[in-house]
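Report on the structure given below.
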Amino acid sequence: MIRRLRPEELDILLASIKQEQHFLYYSYLTYRRHGSVHYGQFLESGELLGVLAYLKGLPFHAFSVYPLQPQFQLGSVLAHIKQELNLPRSTEGSFIVHADEWKVLSPEVDVIKPPTEIWLMKHVNSESLPLTAEEVILLGPAHFDRIEDKLADIQAMAFAKEELQNPFYGVLRNQELVAVGGYHIYGQDYVELGNIGTDRGWRRQGFGKKVCAELTRRARDISPHVYLNVLGSNTAAIQLYQSLGYVTVCKQYMVTFAVSGCK
């Protein structure tokens, strides 16, 4: 049986989930719950085998998967969601999943391109943060249009407009926003940095590092649990984050798949 989960069932999942192993789905149970729908697959006995959730409001079809038992059939739940939400036949979906779980789930997914390795990193050493840089400023509503334009320029695909309610920091040169960064999640439970980028013409001047340092410093003011995701192939960014006191806590895959082509 496949059906939509009730709020009290989501609360039960939240009480037992391992946050770092299921980092994306944890956000669907907490800060992104209001914009997501969750469908579970059950045995006739009522045992929950796993969950697939869909997040509204992004410019792509965003999913998150939470397998609980080996019998979980991702393809069946995906087909159910496609019909329930009336998604177009040509829909491409995307989710991020722990590397170990992807080994189990991959036979059921019709991938469109090779999965991308994503590292989840956590900040552990505040002593590695440099002093506050004067050129990094807190951006406000007057900068929102420039923030959105800049994030479009750097192709920050995971940006949701509601994230503008979180703090953004940046560097201005001649009233042009040349470096920017913000947060996907900003709360006392945990913080996730995101929407970070520097104009191509202003790179290699340390602006990205200064913005990331300020984002991290302000995040640590409200929570001891500060995370970010980075492409496993982006060695320069990984080294930068390591220099600021981050360590890798798990490896994941970002998977793009054909919703109508589940196996």
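The values are calculated or read from the model by the stated rules, or taken from the named source; none is laboratory data. All values derive from a computational prediction rather than experimental measurement. No Cβ is skipped: glycine too gets one built from the backbone with ideal geometry, and neighbour counts run over all protein chains shown. Areas reflect the complete protein model, heavy atoms only, side chains present, ligands, DNA and RNA absent. Shrake-Rupley method; radii C 1.70, N 1.55, O 1.52, S 1.80 Å.
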When (1) closer than 23 Å to Asn234 by Cβ; (2) outside any strand (DSSP E or B) are applied to Val178, the one that fails is (2)
Which listed residue, of Ile118, Ile154, is of a type in the set (Val, Ile, Thr) and farther than 30 Å from Pro67 by Cβ: Ile154
Since Leu24 meets every condition but one in (1) open to solvent by 30 Å² or more (accessible area, probe 1.4 Å); (2) in contact (Cβ under 8 Å) with a residue 24 or more places away in the chain; (3) part of a loop (DSSP other than H, G, I, E, B); (4) not acidic (Asp, Glu), which condition does it not meet? (3)
If a residue must be among the basic types (Lys, Arg) and open to solvent by 40 Å² or more (accessible area, probe 1.4 Å), how many such residues does segment 123-169 contain? 2
Exactly one of Thr235, Thr248 is open to solvent by 10 Å² or more (accessible area, probe 1.4 Å), β-branched (Val, Ile, Thr) and free of Cβ contacts under 8 Å to residues at least 12 places away in the same chain, and that one is Thr235
For segment 57-78, give me each residue that is small (Gly, Ala, Ser), open to solvent by 20 Å² or more (accessible area, probe 1.4 Å) and touching a strand residue (DSSP E or B) at 6+ places or on another chain (Cβ under 9 Å). Ser76
Filtering segment 136-183 down to residues that are closer than 16 Å to Gly194 by Cβ, touching a Leu at 6+ places or on another chain (Cβ under 6 Å) and basic (Lys, Arg) yields Lys150
Just to be sure, is Tyr54 surrounded by 15 or more Cβ atoms within 10 Å (Cβ to Cβ), more than 22 Å from Asn166 (Cα to Cα), under 21 Å from the mean Cα position of the chain (by Cα) and without any contact (Cβ under 8 Å) to a residue 40 or more places away in the chain? yes
Please go through segment 89-146 and pick out each residue that is of a type in the set (Val, Ile, Thr), within 23 Å of the chain's Cα centre (by Cα) and assigned to a strand (DSSP E or B). Ile96, Val97, Val111, Thr116, Ile118
If you scan segment 98-122, which residues turn out to be free of Cβ contacts under 8 Å to residues at least 60 places away in the same chain, open to solvent by 30 Å² or more (accessible area, probe 1.4 Å) and of a type in the set (A, V, I, L, M)? Val104
Tell me the residue from Gln205, Gln188 that is open to solvent by 30 Å² or more (accessible area, probe 1.4 Å), touching a helix residue (DSSP H, G or I) at 6+ places or on another chain (Cβ under 9 Å) and assigned to a loop (DSSP other than H, G, I, E, B), please. Gln188
